[in-house]
Amino acid sequence: MSTTETILPPVNQQGLDIRSTPRAEMNLYPLDTFPYEFVGREISINFEMPEFTAICPFSDFPDFAIIRVEYVPNERCIELKSLKLYINSFREVKIFHEHVINIILEDFVAASDPLRIEIEGDFHIRGNIKTVVRAKYEKQNPE
């Protein structure tokens, strides 16, 4: 393996007008929680959201996906109505597939501090390409 630095070509070589929605302007509905009454007893909670929609920053066309979440709660669980409103609030957001999943992961962890979480975005085929994006988080034990 060479130790020389790789020089990447410039981004957006097509010269397209790419404007993602800045994080501060996304206006995402807050995720609400409730206390998990069985702290210390690990359970797995799965959500599937088959009607996810956001906007492609390149084309301004909608992107559709199935978002899957599997998490192990710590002290809090995500409340379902707020999750529905949160996921639906992406409908007006211009965002890349890879960034959607990371934003959801960050917001989920910030709201509920789970022991573990895995998120998958299974995006519908567009232009003969199917995209699946996965991210995960595991709470570290303080030593």
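Annotations for the structure displayed:
- Estimated FRET transfer efficiency when R0 is 25 angstrom, pair N46-N88 (beta carbons, to 0.05): 0.85
- Modelled label positions at N74 and E5, each set 7 Å beyond Cα in the direction of Cβ, lie 3.7 nm from each other.
- Count of lysine pairs in the chain with Cα separation under 24 Å (8 or more residues apart, or interchain): 6
- The chain, relative contact order [Cα under 8 Å, separation at least 6], %: 25 percent
- Projected label distance in nm at Q140 and Q13, using a 7 Å step from Cα toward the beta-carbon: 3.8 nm
- The H on the amide N of V93, modeled in the peptide plane, is under 5 Å from the matching H of I55, each at least 5 residues off or on a different chain.
- The alpha carbon convex hull volume per residue for region 54-143 rounds to 91 Å³.
- Residues E106 and T53, FRET efficiency given R0 of 25 Å [Cβ-Cβ distance, rounded to 0.05]: 0.80
- Net length gained if the chain between R23 and I129 were fully extended (0.36 nm per residue, minus Cα distance): 35.5 nm
- Stretching the chain fully between I66 and L115 yields a gain of 15.3 nm (0.36 nm per residue, less the alpha carbon separation).
- Under 5 Å, built H, 5+ apart or other chain: amide partners of N74: L115
Only the coordinates and a few stated rules stand behind these numbers; no lab work does. None of the values given here were measured: they were computed from a predicted structure. All Cβ positions, glycine included, derive from the backbone under ideal geometry; neighbour counts span all protein chains shown.
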